[in-house]
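Colleague: Okay, handing you the structure first.
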Amino acid sequence: MNFFLREDPLTGERHIIASVRSRRPHIAKDCYEAQEEPIQCPFCPGREALTPEESLRVGDGSGWLVRVIPNKFPAIPHMHDVVIDSPSHTDDLDTIPHLPKLLWTYRERMVHYYNTNGVKYVAVFRNRGKEAGASIPHPHSQVLALPFYPRRFLKEKERYEKENRDVMGELLSRELELQERVLFVSKNFSVLLAYAPVTPYEVWIVPKERVSSFVFERNLEELSEVIRETVSTLKGLLGENMPYNLTLQSAPPWDMDYHYYVRILPRVSVFGGFELETENVIVSVAPEEATRQLRALKYAEKSE
């Protein structure tokens, strides 16, 4: 079937799966538009004076591994961080050797902002590639403290409260039983293709046990390995230069009625007029087909 509707099990929003659209002309694997390099990358080692004063530095005794600086162009003044993920200009989540320290930095900045008056929600996200909204190619993330709750979080919370159950936990149980969209599992995490994706190949990394907020996550080493493997597998299919967004869907630490998860959204297609007019999306690859493609690649690599 080339056309069907899917309802996001967490928000109730409807998305259109139209796999016939995947036959349209598109940019081939590894041919994503290259980003223009700045004359002097302000995030590279030795150019620290080009950035605002650090809020936090994580090092290993020989130099910095992660730097947190205020965003020069903040969405909300004094509440918007840039996290420089690595000294290496070419690193990504599948190659950063100190990824657990980067995740620890996310957690520390969340704790910092949740202890700030007026903050209701802390958004942690990462844009990779111009198509995903990155303005500088050096690997970096952002942390933004908000005086309101984002629309997606409110929609999810409405379902949790209305149905009085662990919505994500029950979804995870069904997915593990069906195995139609499960990419792989580790001891404490499951990696799923989203049932009603916003972009083709959208992946969710979900703790098996209910953890409401990333602030309480303690398995950072294991989560790092899961993220590395997920990004590496996606790149194996979609190309080394794959643009994507990573978002951390997490409740504030005072809200225990939630089940946090990580979303990775490859930007292999763009939103057009239909999406902007209707606030709906058309996804060109069914998640079941995406799962088959990624599994085949993953297990082929393991057998080599």
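Bear in mind these aren't lab numbers, they're just calculated from the coordinates by the rules spelled out. This one's a predicted model, so the numbers in the text were calculated from it and none came from an experiment. Ideal geometry is used to build each Cβ from the backbone, glycine not excepted, and the neighbour counts take in all protein chains shown.
Colleague: What size of dipole, in debye to the nearest 20, comes out for the chain about its Cα centre when the only charges are +1 on Lys and Arg C-beta atoms and -1 on Asp and Glu C-beta atoms?
Modeller: 260
Colleague: Let me ask something else about it. Starting from the 7 Å offset along Cα-to-Cβ, what nm value, one decimal, do you get for the label separation of L276 and A296?
Modeller: 3.6
Colleague: Related question: Just need the relative contact order of the chain here, percent rounded to a whole number, with Cα pairs under 8 Å and 6+ apart.
Modeller: 22
Colleague: Right, another one. Test of understanding: what is the full-extension gain from R47 to Q179, defined as 0.36 nm times their sequence separation minus their Cα-Cα distance?
Modeller: That works out to 42.7 nm of additional length.
Colleague: Using alpha-carbon pairs under 8 Å, 6+ residues apart, how would you state the relative contact order of segment 105-263 in percent?
Modeller: 28
Colleague: Using helices alone, I'd like the mean residue ellipticity at 222 nm for the chain: each DSSP H run of four-plus residues gives -39500 (n - 2.57), total over residue count, nearest 500.
Modeller: -9000 deg cm²/dmol
Colleague: Continuing with the same structure: Using the number of other C-beta atoms within 10 angstrom as an exposure proxy, rank Y160, Y299 with the fewest first.
Modeller: Ordered from fewest to most neighbouring Cβ atoms within 10 Å, Y160, Y299 come out as Y299, Y160.
Colleague: At a Cα cut-off below 14 Å, give the aspartates and glutamates reachable from K235, other chains included and same-chain residues fewer than 8 away excluded.
Modeller: Partners found: D30, D91, D92, D94, E202, E301.
Colleague: Amide H of L183 versus every other amide H placed in the peptide plane: which residues, excluding those fewer than 5 positions away on the same chain, fall under 5 Å?
Modeller: When sequence neighbours closer than 5 places are left aside, the close amide H contacts are V191, L192, L193.
Colleague: Moving on. Taking 7 Å along the Cα-to-C-beta vector as the label spot, tell me the E209-V111 distance in nanometres, rounded to one decimal.
Modeller: Each label point lies 7 Å from its Cα, and together they span 1.9 nm.
Colleague: Right, next: Taking neighbour counts of Cβ atoms within 10 Å as a proxy for exposure, in what order, fewest first, do W204, W104 appear?
Modeller: Lowest count first: W104, W204.
Colleague: Stokes-Einstein D for segment 3-303 at 10 °C, 1.306 mPa s, Kirkwood Rh over Cα pairs, in µm²/s?
Modeller: 79
Colleague: Let me ask something additional. Which one, V119, V283, V143, has the greatest fluctuation when you compute a Gaussian network model over the chain with C-alpha springs under 10 angstrom?
Modeller: Among V119, V283, V143, the largest mean-square fluctuation in the Gaussian network model of the chain belongs to V119.
Colleague: State to the nearest 20 debye the size of the charge dipole of segment 34-140 about its Cα centre, where the only charges are +1 on K and R beta carbons and -1 on D and E beta carbons.
Modeller: 360
Colleague: Working out 0.36 nm times the residue gap between K120 and R57, then minus their Cα-Cα distance, what length gain in nm do you get to one decimal?
Modeller: 20.2 nm
Colleague: If you don't mind, there's one more thing I want to ask. What lysines does K208 reach when the alpha-carbon gap must be under 20 Å and sequence neighbours fewer than 8 apart in one chain are set aside?
Modeller: Answer for K208, where 20 Å is the Cα cut-off: K157, K187, listed by chain and number.
Colleague: OK, next. What ranking do T291, T95 get, fewest neighbouring Cβ atoms within 10 angstrom at the top?
Modeller: Arranged by neighbour count, lowest to highest, T291, T95 become T95, T291.
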